[in-house]
Amino acid sequence: MYRIGNGYDVHRLVEGRKLILGGVDIPHTLGLDGHSDADALVHAIADALLGAIGCGDIGKYFPDTDPKWKGVSSLILLKEVGAMCEKRGFVIANIDSILAAQKPKIAPYINEMKKNIADVLGVDQERVNVKATTTESLGYVGREEGMAAYAVALLQRKN
């Protein structure tokens, strides 16, 4: 049996924050605003996994009202979500994700992002895909007001 889940996340870009995407600290003048490290890519992937197992979204398990999650690496949240999938009898077949960001260029960091995500989830790196796109200067992403991430996860029931 297979299960598919979708994930989406968006965060505002602000001064005075690090830009963390896929667990990678990317040099930039702005960072994503949020309760945790605001890693929109990892949040979208976590939501896709939670959707595939029918368990809501990351806000249900890691609310921004809980000081325990203040400033935490989103890879820690993803690890917990991966354990939830496993506990429910599913393995990750693959994850496909897209990061929408006008600047900075994301391509130089994609392999490291894939490695971080795969390592945390305990899967082969070939099962994790990360793509990046701009919005050709259109909308909030194009105006560099924020970044968005989309993800799809395919899970398979363990034998």
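The values are calculated or read from the model by the stated rules, or taken from the named source; none is laboratory data. Predicted model, so just to flag it, every value in this text is computed and none were measured. Ideal geometry is used to build each Cβ from the backbone, glycine not excepted, and the neighbour counts take in all protein chains shown.
Can you give me the number of residues within the stretch 87-103 that are crowded, with 16+ Cβ neighbours inside 10 Å and either closer than 27 Å to E144 by Cβ or without any contact (Cβ under 8 Å) to a residue 24 or more places away in the chain (or both)?
So the count comes out to 8.
Can you say whether V120 is out of contact with any strand residue (DSSP E or B) (no Cβ under 7 Å at 6 or more places or on another chain) and either touching a residue at least 40 places away in the same chain (Cβ under 8 Å) or under 16 Å from L32 (Cβ atoms) (or both), as far as the supplied structure shows?
Yes.
Here is a list of conditions, (1) outside any helix (DSSP H, G or I); (2) modelled with pLDDT of 95 or more, and N159 meets all of them except one; can you say which number that is?
Going through (1) outside any helix (DSSP H, G or I); (2) modelled with pLDDT of 95 or more one by one, N159 breaks only (2).
Among the residues of the stretch 42-74, how many are surrounded by fewer than 21 Cβ atoms within 10 Å (Cβ to Cβ) and closer than 17 Å to K115 by Cα?
Counting residues in the stretch 42-74 that are surrounded by fewer than 21 Cβ atoms within 10 Å (Cβ to Cβ) and closer than 17 Å to K115 by Cα gives 1.
Of (1) in a strand (DSSP E or B); (2) touching a helix residue (DSSP H, G or I) at 6+ places or on another chain (Cβ under 9 Å), D25 satisfies all except one. Which?
Status for D25: all satisfied but (2).
For the subset of the stretch 1-40 comprising residues that are touching a His at 6+ places or on another chain (Cβ under 7 Å) and among the charged types (D, E, K, R), which member is surrounded by the most Cβ atoms within 10 Å (Cβ to Cβ)?
Looking at the filtered set, the residue picked out is D9.
G54 fails exactly one of the following numbered conditions: (1) in a loop (DSSP other than H, G, I, E, B); (2) small (G, A, S); (3) in contact with a strand residue (DSSP E or B) (Cβ under 7 Å, 6 or more places away or on another chain). What is the number of that condition?
Looking at each condition in turn, G54 falls short on (3).
Could you say which residue among D9, D37, D25, D47 is of a type in the set (D, E, K, R) and in contact with a Ser or Thr (Cβ under 7 Å, 6 or more places away or on another chain)?
D37
When the residues of the stretch 104-147 are narrowed to those that are of a type in the set (D, E) and under 18 Å from P27 (Cα atoms), which ends up surrounded by the fewest Cβ atoms within 10 Å (Cβ to Cβ)?
If we take residues in the stretch 104-147 being of a type in the set (D, E) and under 18 Å from P27 (Cα atoms), then E145 is surrounded by the fewest Cβ atoms within 10 Å (Cβ to Cβ).
Yes/no matrix, rows are residues, columns are (1) closer than 16 Å to N94 by Cβ; (2) free of Cβ contacts under 8 Å to residues at least 40 places away in the same chain; (3) basic (K, R); (4) not in a helix (DSSP H, G or I):
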position	(1), (2), (3), (4)
R3	yes, no, yes, yes
R12	no, no, yes, yes
G16	no, yes, no, yes
D37	no, yes, no, yes
L41	yes, no, no, no
P63	no, yes, no, yes
K68	no, yes, yes, no
V72	no, yes, no, yes
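Say we look at the stretch 82-106 and pick out the residues that are in contact with a Lys or Arg (Cβ under 8 Å, 6 or more places away or on another chain) and assigned to a loop (DSSP other than H, G, I, E, B); which of these is farthest from D9 (Cα to Cα)?
Filtering first and then ranking leaves G89.
Would you call Y150 within 15 Å of L41 (Cα to Cα), surrounded by 14 or more Cβ atoms within 10 Å (Cβ to Cβ), of a type outside the set (S, T, N, Q) and in contact with a helix residue (DSSP H, G or I) (Cβ under 7 Å, 6 or more places away or on another chain)?
Yes: the conditions hold for Y150.
Any chance you could count how many residues in the stretch 26-44 are of a type in the set (S, T, N, Q) and under 15 Å from W69 (Cα atoms)?
The total comes to 1.
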